[in-house]
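Undergrad: I have a structure I would like to understand better, so I am pasting it below and will then ask my questions one at a time.
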Amino acid sequence: MFEDINQQNAETGSQYQTNSFNDTNPGGLWPDGFTNISDNYFSPWDIGFNRGAAYVNKQPSYIFENGDGGVDGNYSPYTLEVYAWIGLAYFDGVNDGVLTNPLTTPPTPIVSMAANPGQYPNLYTFNAGIHQEVGNLIRTASPLRFLPAEATRIEDINDHLPTMNPSNPKYPAPQAWTHTQGASGFDIVGAVLPQEEALLKEYGKVFFYEVDVFEAGAFVGKYYLHPEIHTLNDGSTPWQKVEDTPGGTQQQANVPFGSFDLYYYTDGSSNQTSYSSGSGGSGTCNSFEVIVDRQNINHTEPILGGSVSKTLVMDFLLHHITFWQNSALSLKVE
């Protein structure tokens, strides 16, 4: 349905369903012109990329597909109501309430939530009695609603995380392939203060989807989904624990449906992620991206109790040309 967006899907059940980085193969173009799919890093969130004048029109995108009406045999009879759980995408390594860019010399403060806690009550809050700089996730105030065969792509030309107060939506409604709601972003109006929304638009991302499924008006089930992260626990990549103090207690995502340990990605340096798409791709990742150990939250969930056997899938789509830098977060029924 989205052939025109120049992205390709992860191969179901393969090593490609992940959002971590493999320095030896982040994706690239071989001399014969063939695309080499990345082994690992599909996630577009990297603190060194996607903000400011150099990254206009290069923001992460969010794709939703509720079947295709049977065009390719993928008919969905279901209506989806999709809530996103959103939070700050990056941790600078120090839980001091100051979001900092660690890639500058010296590190550059972006915003001090600790100095103005009343202005950031939803992002800088207590978890287990400790002020926590990241991991306080916000549920969208209203869902994105998709009838059977409806789909959309949400992306902003300037904003890292599109909201219902977009700066410059890349695909404003209506579009021929955009669902009838015509949303240009995630609805967090009333869920956060304006200054929190502004911060999330620059430095936020979606961590989970909470999906309510209906058929002919009847509730079928509620499902939580999170992308696959193959390299988190295999020791192949430098995921670090998000701790209250260095060597202290590992912090957790602050959500009502479970406890999830927080990690972030850094090689310990102040070097920006480097990447070359030539000769199959090479590079070194230093994204400072925050993720959760999803434990029992899956990236696929079978829809149970409905009339048709279908599966919800949350995954990444890799861009054909820019590979991980402009990959998309995808939620679909297949």
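No value in this document is a laboratory result; all are computed from the given coordinates. Computed from a predicted model, the values in this text were never measured in an experiment. Positions of Cβ are generated from backbone atoms using ideal geometry, with glycine treated the same way; all protein chains shown enter the neighbour counts.
Undergrad: Name the long-range amide H neighbours of Glu150: under 5 Å, sequence gap of 5 or more, or other chain; modelled H, no Pro or chain starts.
TA: Counting only residues 5 or more places away or on other chains, the set is Asn66.
Undergrad: Provide the per-residue ³J(HN,Hα) series for the range 56-68, in order, calculated from phi with Karplus coefficients 6.51, -1.76, 1.60 and θ = phi - 60°, each as a whole number of Hz, with x at glycine and proline positions.
TA: With coefficients 6.51, -1.76 and 1.60, one gets 4, 6, 10, 9, x, 10, 10, 10, 10, 9, 9, x, 10 Hz.
Undergrad: Multiplying the sequence separation of Tyr75 and Ser270 by 0.36 nm and subtracting their Cα-Cα distance, what value in nm do you get?
TA: Going from the current span to full extension adds 65.4 nm.
Undergrad: Another question, then. Around Ile138, which amide H atoms from residues at least 5 apart in sequence, or from another chain, sit under 5 Å from its own amide H, with H modelled in the peptide plane?
TA: For Ile138, the qualifying residues are Ile86, Gly87.
Undergrad: Let me ask you something else. Please state the equivalent ellipsoid semi-axes for the range 74-333: what are the square roots of 5 times the Cα gyration tensor eigenvalues, largest first, in whole Å?
TA: After diagonalising the Cα gyration tensor, the semi-axes are 31, 21, 20 Å.
Undergrad: Local charge sum around Tyr78 (other residues, Cβ-Cβ under 14 Å, Lys/Arg +1, Asp/Glu -1)?
TA: On the way: positive: Arg145, Lys222, Lys310, Lys332; negative: Glu65, Asp68, Glu81, Glu150, Asp212, Glu215, Glu301, Glu334.
Overall, the nearby charge balance is -4.
Undergrad: Past 26 Å, Cα to Cα, is the threshold; run Lys241/Lys310; Lys58/Lys310; Lys241/Lys332; Lys205/Lys332; Lys58/Lys332; Lys201/Lys332 against it and keep the listed order. Spell out each step's value before the answer.
TA: Numbers: Lys241/Lys310 36 Å; Lys58/Lys310 33 Å; Lys241/Lys332 31 Å; Lys205/Lys332 18 Å; Lys58/Lys332 23 Å; Lys201/Lys332 24 Å.
Violating the 26 Å limit, Cα to Cα: Lys241/Lys310; Lys58/Lys310; Lys241/Lys332.
Undergrad: What residues qualify as long-range amide H neighbours of Gly221, i.e. H under 5 Å apart, gap of 5 or more or another chain, H built at 1.01 Å from N?
TA: Val213
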